[in-house]
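The values are calculated or read from the model by the stated rules, or taken from the named source; none is laboratory data. All figures in this text were calculated on a predicted structure; none of them were measured in a lab. FYI the Cβ positions are ideal-geometry reconstructions off the backbone, even for glycines, and counts take in every protein chain you see.
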Amino acid sequence: MTTVAAKPENKARKKVRVRNVLIAIVILLVVLIDLYPLFFMYSASFKTNNEFVTNPAYAFNQSLHWQNYVDSWTRGNMGVFFTNSLFNTSVSLVFITLFSLTISFALIKMEWKGRKFFSQYFAFGIMVPVATTLIPLFVIYNSSGLYNTRLGLILVYIASAISFSVYLLSGYMRALPDEILEASVIDGCNIYTMMWHIVAPLMKNALITVVVIQFFFKWNDLLYSMTLISSSSLKTMQTGLLYFSDEFGSKNWGAIFASVSISVTPMLLMYLLLNKMVIEGMTAGAIKG
Amino acid sequence: MSRVLRDRRAILLFIVPGFILYTVLVILPVLWSAYYTFFGGMIGSSKWSFIGLDNYARLFQDKKFAAALMVNVRYIAMTTFGQVIFGLLLALMFKFWVKRFGSSVRTIVFFPVVLPVVAVGQLFTKIYEIQPYYGLLNSLLQGVGLGNLVYPWIGKADTALIALAAMDIWTAMGFYSIILYGALLDIPGDILEAAEIDGCNAWQLFRRILLPLLRPILLTCFVFSFTGTVKMFESALALTRGGPGTATTSLSMYMYNTAFSFQKTGYASVIALFIFLLCVFGSRLIRAFDRKD
């Protein structure tokens, strides 16, 4: 009796075990698909040119050829592009956070006629593709002397970020209790001290979300910089990277991989640093609206 | 309280700087673009003149425009469905299969999302490459004895667009998986338990319970993905430069070339306007599925 009963139980357990192993293999495969190209990139960025010729592409790097990075940073101008991108992105981020904080506060919490209209007016830009604005922008920039200047690029970076950032912050702003603002007025705050000492600190998480998302968009920008910048001393990371193989020779794989790694690494580091916040923010419904 | 919140000067100070930048560099160009559509030739040149609706008429006869639109439509279909469906599968995997190292797995799946598009394009050029040396994909195929499958993936018109879509699905599926996973977490546990007690199998659970509950957020994902893929430009430029031939030349790329290489400002503006309208009405169309049936 007992042996008969034990058999199907064993079978069932075996079935569960096989199922678990299969599941584990699928998960491992998914992780591999996401990680392997990155691993390939970093590994290839340390290969000598000889390795690309003699070994298959999937082989690990045998040398630690740092020269690739030196080449791409100096002769390939990646150093210049990197600094330009970092400067443009940082400066525009300061103004993006400032403007979107004050605008969303004025739209959600302050009392004035026309704020409904302006809410819609600022939201309109979310739907506008960059490509649609490019031709007039080019004309405006050419006639106003903003073409091929750092300032011009930064201005359009700020302008194009306002819609989405205001939209994001408005959600958080609505959730901010009015009682806190009231209490601060009773304690003697005027509108500016309230903004700086009460609202801004309370919106910290929302502001970090805006900074992360917009850092990504600005660091990633290709269309604006390739249209509005012509001299290579002002070019940014993505434009530089796009034409890197044209100017540096398409056979110099090592240096190309090093440049790609240079462009990717800041984003990866920032993500690893803030990933808990990014993922939690997204699963908690910051974007679900 | 309301005296402070009605401070006119503060409102002006808060709104106006951002308002000016946004109006001049985002809103005005859209209107300006619409105005340009009635002109022929290149702006600033002697041929720049009012031609009424000629640019619009031309759009319907332009074979290159039709080809670019076709590329865009095929790309949108492949990429949008790929991104959202793979995102959904990953989300289901996170929820029902991943028991240990859950947050590590999710972190890794999100990795490609944060990578710059041009960098990904350059990376995948080297993955798909066949000349001068085999790229990662072809060398792997050869390494496992499938040498007869070695192919110039982005060098031939029949696979270039698929290769591009595959790359963009790889980059973005992690984004949708996290959004959808968040939505799955919001589904109360007792609903799933009740379904199990009622004897639901996995497919019924998915079809009858999860899918209806996820529908609004799935539509949001489709809108996100659609508005992203309508613009199709950066990734195609970085991977294939629109080639081979015009196999991956999208509307945005055709517009860009028309404006800046062929110098037909007015005609390019018509295409730019078309992209904008496609974006607006396409998302409306997806949203229309949101009604309860």
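Quick check on the range B:84-101. Is at least one of its residues facing another protein chain (nearest Cβ under 10 Å), surrounded by fewer than 21 Cβ atoms within 10 Å (Cβ to Cβ) and among the charged types (D, E, K, R)? Scanning the range B:84-101 turns up at least one residue that is facing another protein chain (nearest Cβ under 10 Å), surrounded by fewer than 21 Cβ atoms within 10 Å (Cβ to Cβ) and among the charged types (D, E, K, R).
Return yes or no: is A:Gly152 more than 8 Å from every other protein chain (Cβ to nearest Cβ), more than 24 Å from A:Leu274 (Cβ to Cβ) and part of a loop (DSSP other than H, G, I, E, B)? Considered against the rule, which asks whether it is more than 8 Å from every other protein chain (Cβ to nearest Cβ), more than 24 Å from A:Leu274 (Cβ to Cβ) and part of a loop (DSSP other than H, G, I, E, B), A:Gly152 comes out as no. Of A:Phe105, A:Phe60, A:Phe95, all but one fail to be within 9 Å of chain B (Cβ to nearest Cβ) and more than 19 Å from the chain's Cα centre (by Cα); the exception is A:Phe105.
Screening the range B:5-56 for residues that are of a type in the set (S, T, N, Q) and more than 10 Å from B:Gly266 (Cα to Cα) and picking the one that is surrounded by the most Cβ atoms within 10 Å (Cβ to Cβ) gives B:Thr23.
Checking each residue in the range B:139-190 for being buried (at least 20 other Cβ atoms within 10 Å of the Cβ) and more than 30 Å from B:Ser104 (Cα to Cα) picks out B:Trp153, B:Ile154, B:Ala160, B:Leu161.
Condition check: closer than 22 Å to A:Asp246 by Cα, hydrophobic (A, V, I, L, M, F, W, C) and under 16 Å from the mean Cα position of the chain (by Cα). Does A:Phe87 satisfy that? Judged against the criteria, A:Phe87 is not a match.
Among the residues of the range A:214-267, those that are buried (at least 19 other Cβ atoms within 10 Å of the Cβ) and β-branched (Val, Ile, Thr) comprise A:Thr227, A:Ile229, A:Thr236, A:Thr239, A:Ile256, A:Val260, A:Ile262, A:Val264.
Residues in the range B:102-116 that are under 16 Å from A:Leu268 (Cα atoms), without any contact (Cβ under 8 Å) to a residue 12 or more places away in the chain and more than 7 Å from chain A (Cβ to nearest Cβ): 1 in all. The residue that is nearest to B:Ala165 (Cα to Cα), among those in the range B:126-150 that are of a type in the set (S, T, N, Q) and more than 8 Å from chain A (Cβ to nearest Cβ), is B:Gln131.
If the condition is being modelled with pLDDT under 85, over 33 Å from the mean Cα position of the chain (by Cα) and within 11 Å of chain A (Cβ to nearest Cβ), then the range B:8-47 contributes only B:Gly44. Among the residues of the range A:80-133, those identified as under 17 Å from A:Ile208 (Cα atoms), hydroxyl-bearing (Ser, Thr, Tyr) and crowded, with 17+ Cβ neighbours inside 10 Å are A:Thr89, A:Ser92, A:Thr97, A:Ser100, A:Thr102, A:Ser104. Applying the criterion of being of a type in the set (Ser, Thr, Tyr) and part of a helix (DSSP H, G or I) to the residues of the range B:121-138, the residue that is surrounded by the most Cβ atoms within 10 Å (Cβ to Cβ) is B:Tyr128.
Residues in the range B:117-139 that are of a type in the set (Phe, Trp, Tyr) and touching a residue at least 24 places away in the same chain (Cβ under 8 Å) were compared, and the one that is nearest to A:Lys218 (Cα to Cα) is B:Phe124. The residue pairs whose first member lies in the range A:159-172 and is assigned to a helix (DSSP H, G or I), whose second member is of a type in the set (D, E, K, R), and whose beta carbons are closer than 8 Å, counting only pairs six or more residues apart or on different chains, are A:Ala161/A:Lys218.
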